[in-house]
Amino acid sequence: QQRLTIQDLSDPQVTVSANEGSDLIAGLTQRQKTIPCHYLYDDRGSEIFEQICELPEYYPTRTEAEILEANGSAIAQTTGPCELIELGSGSSTKTRLLFDSYDNLGYPLRYVPIDVSAGMLEASAKELLRDYPTLKIYGLVGTYEQALQHLPPSPLPKQMVFFLGSSLGNFAPKQCQEIFRQITASLNPGDYFLLGLDLQKSKDILEPAYNDSQGITAEFNYNLLDHLNRRFQGNFNRQNFQHWTFYNSELGQIETYLRSTQAQTVELKALDLTVELDAGEAIRTEISRKFDLPTMKKELSQEGLEVLNTWQDSQNWFALILCQI
Ligand code: AVI
């Protein structure tokens, strides 16, 4: 019996690809020039992100893994047999901790990974199938929005959408609210939502996590320019930019920029776009919001997501929240 199905929602019949790059044009023609953060993740970008997760300064990945390891079985016991749907599955490394918890309780393993990178999704699915002989995977290639509208029928009594790694932090508050609404709309009452969040803390811990001593995070940022050059016939020269990142404590977010070291003109031919940059002008490439747990719990319940339980690491740096619809 077939254990792996992958549905590519980026098929032109399903999505409108004619507007590809329109979000980039919108971002680069604003007063504060901005590049939507999903452009960080071409194949090379996804690879560099995996390296970031291993950096000594980048605490979120191992901290969240510590919480999952300690509390995975409590999560599985609460939900019972449940289809696991992951937003932004990437390499699915931490997902294994959840599989182990469900497997140990004798629950069937059915996994729906959602990712924009087809290559990454397929490669990690194959590794998972090798390591979990009873696992069945139905992968969806596409954006969260597309995929949540195309969830396959579940053979299990319940479903749980999970969004780990504090990826929610890469979205502005309005977009977060939309994501919550899309999740509740695509599930049934009684289903679950598991959310991993990086919490507010001292900038002495936060800033090095986004400006590591080996320069891997800087490379992640510069790679964005190579990606745009390739994808949209651009002529960004990475030598003319500096990686710049800081914690904005008023907004509770890390802000990351590419700062132009000189006055320059850049073209993206495929988009028919010319970008003029002043010396010192900075293009914002990412925000990473850091959350206050009580505030987020309130927001979740306002969106119809009842908070059942929260777990934190020993330093209270990171939180996992389990909600029910
Ligand atoms: C994926 N996301 C939650 C990461 C973050 O921490 O915002 C992406 C990242 N950017 C730089 N380092 C890691």
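The distance linking the stretch 225-250 with the stretch 61-80 is 36 Å (Cα centroid to Cα centroid, whole angstrom). Approximating the spin labels as points 7 Å out from Cα along Cα→Cβ, the ASN316-to-ASP131 distance works out to 3.3 nm. With each run of n ≥ 4 DSSP H residues scored as -39500 (n - 2.57), what mean residue ellipticity at 222 nm is computed for the chain after dividing by its residue count and rounding to the nearest 500 deg cm²/dmol? Computed ellipticity for the chain at 222 nm equals -10500 deg cm²/dmol. Between LEU308 and ILE205, the simple label model (points 7 Å from Cα in the Cβ direction) yields a spacing of 2.8 nm. For PHE291, the residues whose modelled amide H falls within less than 5 Å of its own, excluding neighbours fewer than 5 places apart on the same chain, are ASP198, LEU199, GLN200. Among ALA147, ALA118, ALA263, the largest mean-square fluctuation in a Gaussian network model of the chain (Cα springs under 10 Å) belongs to ALA263. The distance from the alpha carbon centre of the stretch 91-111 to that of the stretch 114-183 is 14 Å, rounded to a whole number.
Bridgeable aspartates and glutamates around LYS136 (alpha carbons under 16 Å apart, same-chain partners fewer than 8 residues away excluded): GLU83, GLU86, ASP100, ASP103, GLU122, GLU127.
Secondary structure note: in the chain, about 60% of the DSSP beta bridges are antiparallel.
Annotation for GLU299 and GLN1: the two label points, set 7 Å from Cα along the Cα-Cβ direction, are 4.1 nm apart.
Suppose R0 equals 30 Å. What FRET efficiency, 1/(1 + (r/R0)^6) with r the Cβ-Cβ distance, do LYS174 and GLN233 give to the nearest 0.05? For LYS174 and GLN233, the calculated efficiency is 0.40. Computed from Cα atoms, the angle from the helix 95-104 axis to the main principal axis of the chain rounds to 0 degrees.
Over the C-alpha atoms of the stretch 245-298, the Rg to Rh ratio, Rh being the Kirkwood estimate, stands at 1.20. Over all pairs of different C-alpha atoms in the chain, the reciprocal of the mean inverse distance, the Kirkwood hydrodynamic radius, equals 20.7 Å. Remark: the stretch 40-45, residue by residue, has Karplus-estimated 3J(HN,Hα) of 5, 10, 7, 4, 5, x Hz, where x stands for each Gly or Pro and the curve is 6.51 cos²θ - 1.76 cosθ + 1.60 at θ = phi - 60°. Per residue, the convex hull spanned by the alpha carbons of the stretch 144-221 comes to 139 Å³.
Counted over all Cα-Cα pairs of the stretch 43-91, pairs farther apart than 14 Å make up 66 percent. For the stretch 169-325, the percent of C-alpha pairs falling in each 10 Å distance bin, counted from 0 to the bin holding the largest distance, reads 10, 30, 27, 21, 11, 1. If each Cα of the stretch 267-313 is one equal point scatterer, what is log10 of I(q)/I(0) from the Debye formula at q = 0.13, 0.21, 0.25 Å⁻¹? Values, matching the q order: -0.61, -0.85, -1.08.
Note on the stretch 1-156: Rg/Rh from Cα positions, Kirkwood definition for Rh, rounded to two decimals, is 1.01. Going from the fewest other Cβ atoms within 10 Å to the most, the residues CYS53, CYS323, CYS82 appear in the order CYS53, CYS82, CYS323.
Taken together, the values in this text are just the output of simple stated rules run on the coordinates, not laboratory data. Just so we're clear, the structure is a prediction, and the values are computed from it rather than from any experiment. Positions of Cβ are generated from backbone atoms using ideal geometry, with glycine treated the same way; all protein chains shown enter the neighbour counts.
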